[in-house]
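Below: the structure, in structure tokens.
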Amino acid sequence: NYKLIASETTFEQFKAVFTGQPIESINPIKWHQENASELLYFNEAIRNKVNNVWNIYQRLTACFVKPDGTPFKVVWKSLKTHIRINLSPDKQKFIDELVNNF
């Protein structure tokens with residue numbers, strides 16, 4: 001319903017990202033748009049739910065790509081500092097609702 005990731009993403013592929021599987025074994029997931037702040041917020045919400053089990057920035061870079069398949073080239077740590085400013089409250093609420101359904 002939320003359409004944040006590509007429809008061809010399998011449950012196994014998604015689960016591998018968020019269960020600490022080796023990064024090199026994960027087929028990257030296409031994020032629905034080029035908004036890295038949104039992806040970071042989503043990842044933080046999931047990460048908080050599963051007790052911070054992985055290196056967030058390394059995993060984001062390896063496991064998620066833009067809709068066209070190219071990697072995100074951002075400084076994740078800098079984005080995190082301003083995440084509440086860069087991402088609208090509506091998007092934050094949307095992602096929080098999604099994660100709460102897991």
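The values are calculated or read from the model by the stated rules, or taken from the named source; none is laboratory data. Quick caveat, the model's predicted, so the values are computed rather than measured. Methodologically, a virtual Cβ is constructed for each residue, glycine included, from the backbone with ideal geometry; neighbour enumeration extends over all protein chains shown. Please note that ligands, DNA and RNA were not included when accessible areas were found on the heavy atoms of the full protein model with its side chains. Shrake-Rupley method; radii C 1.70, N 1.55, O 1.52, S 1.80 Å.
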Given (1) 13.8; (2) 14.1; (3) 14.8, which label gives Kirkwood radius over Cα pairs in Å as computed from the coordinates? (1)
For the table LYS49/LYS80; LYS49/LYS91; LYS15/LYS80; LYS3/LYS73; LYS15/LYS91; LYS3/LYS80, the rows whose alpha-carbon distance is greater than 20 Å are LYS15/LYS80; LYS3/LYS73; LYS15/LYS91; LYS3/LYS80
Ranked highest first by average number of other Cβ atoms within 10 Å, how do 82-90, 9-17 line up? 9-17, 82-90
With a probe of 1.4 Å, find how much accessible area the chain has per residue, and write the answer as a whole number in Å². 60
Heavy-atom accessible area of the chain with neighbours in place, 1.4 angstrom probe: carbon+sulfur share in percent works out to 51
Proximal aspartates and glutamates relative to LYS77, as straight alpha-carbon distance under 14 Å, when same-chain residues fewer than 8 apart are discounted: GLU38, GLU44
Fully extended, how many nm does the chain gain between LYS49 and ALA62 (0.36 nm per residue separation, minus their Cα-Cα distance)? 2.6 nm
In terms of the charge dipole of the chain, which places +1 on Lys and Arg and -1 on Asp and Glu at the beta carbon, the residue among GLN33, PHE64, ILE46 farthest towards the positive end is ILE46
